[in-house]
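Have a look at the structure below before the remarks.
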Amino acid sequence: MGTDINCFKEYRDRAGNWHFVAEGPSNRNYNFFAWLADVRNHMWGEEMPVLAPLRGLPSGVSASLAKRCDPDDIHSASYFTLAELRAGWERTKDLEVWFNGALDPSNPDEKLAAWLDAPEDTRGAPPCSYGSCGPKNFRWKQKVKELIEPSYLELERFLAATAKRRKLSADEVRTVFWFDS
């Protein structure tokens, strides 16, 4: 059983009221979940930096969105404006995170052999998927942006489209999200 994100977009009108726009992107990038909300953190190594502590559902959530939220079926609810999302990305994208994984050192692949010969603190991601390389454990480090950039960009573009179309600031568009398992 996996964890899914439920992500939505709202904008704030000039009177300060929030309005539902659309359901957002959904994926199972657990590194992104860890960065966004500290959900599924520590899965493969040290803690992923977190954008901000969970906030729960925002006050003033749009009526449309409130109808979609069943408190008995969700966990780890939070929200961020587009401005907060962008600032968090700039603050954390170049940080490095250590990972643990199983690799097979007897694999004749040249890329893997070169990776294994590199000093541990200079290794990027291994040249194979985590489970496909075999039984021996190794450590490597990767930048946050290498782990979550596609998911971040998908969410950022999703929010930015409404800001641009409605001529709103990055503080007037937000994502509200929660997880279910």
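Within the range 40-50, the presence of a residue that is more than 18 Å from the chain's Cα centre (by Cα) and without any contact (Cβ under 8 Å) to a residue 12 or more places away in the chain is excluded. List every residue pair whose Cβ atoms lie under 8 Å apart, where the two residues are 6 or more positions apart in sequence or sit on different chains, the first residue falls within the range 58-81 and is under 15 Å from ARG174 (Cβ atoms), and the second residue, located anywhere, is hydroxyl-bearing (Ser, Thr, Tyr). Listed by first residue and then by second, the contacts come to PRO58/TYR79; TYR79/THR175; PHE80/THR175.
Considering each of GLY88, GLY24 in turn, give the residue that is in contact with a helix residue (DSSP H, G or I) (Cβ under 9 Å, 6 or more places away or on another chain), modelled with pLDDT of 90 or more and of a type outside the set (Phe, Trp, Tyr).
Matching residue, one of GLY88, GLY24: GLY88.
Selection within the range 13-49: residues that are in contact with a Gly (Cβ under 9 Å, 6 or more places away or on another chain) and hydrophobic (A, V, I, L, M, F, W, C). The member of this set that is nearest to ARG174 (Cα to Cα) is TRP18. Of all residues being over 19 Å from the mean Cα position of the chain (by Cα) and either assigned to a strand (DSSP E or B) or under 12 Å from LYS9 (Cα atoms) (or both) in the range 123-160, which is modelled with the lowest pLDDT? Just the residue, please. So, considering only residues that are over 19 Å from the mean Cα position of the chain (by Cα) and either assigned to a strand (DSSP E or B) or under 12 Å from LYS9 (Cα atoms) (or both), the one modelled with the lowest pLDDT is CYS133. Residue count for the range 5-29 under the criterion of being assigned to a strand (DSSP E or B) and surrounded by 14 or more Cβ atoms within 10 Å (Cβ to Cβ): the result is 12. Applying the condition of being assigned to a loop (DSSP other than H, G, I, E, B) and out of contact with any His (no Cβ under 9 Å at 6 or more places or on another chain) to the range 161-181 and asking which residue is surrounded by the fewest Cβ atoms within 10 Å (Cβ to Cβ) yields LYS167. Residues of the range 78-95 that are in contact with a strand residue (DSSP E or B) (Cβ under 9 Å, 6 or more places away or on another chain) and surrounded by fewer than 15 Cβ atoms within 10 Å (Cβ to Cβ): ASP94, LEU95.
Given the criteria within 12 Å of TRP178 (Cβ to Cβ) and either surrounded by 19 or more Cβ atoms within 10 Å (Cβ to Cβ) or at pLDDT below 85 (or both), does HIS75 qualify? The answer is yes for HIS75.
The values are calculated or read from the model by the stated rules, or taken from the named source; none is laboratory data. Quick caveat: nothing in here was measured; it's all calculated off a predicted structure. Every residue, glycine as well, gets a Cβ built from its backbone with ideal geometry; the counts of neighbours run over all protein chains shown.
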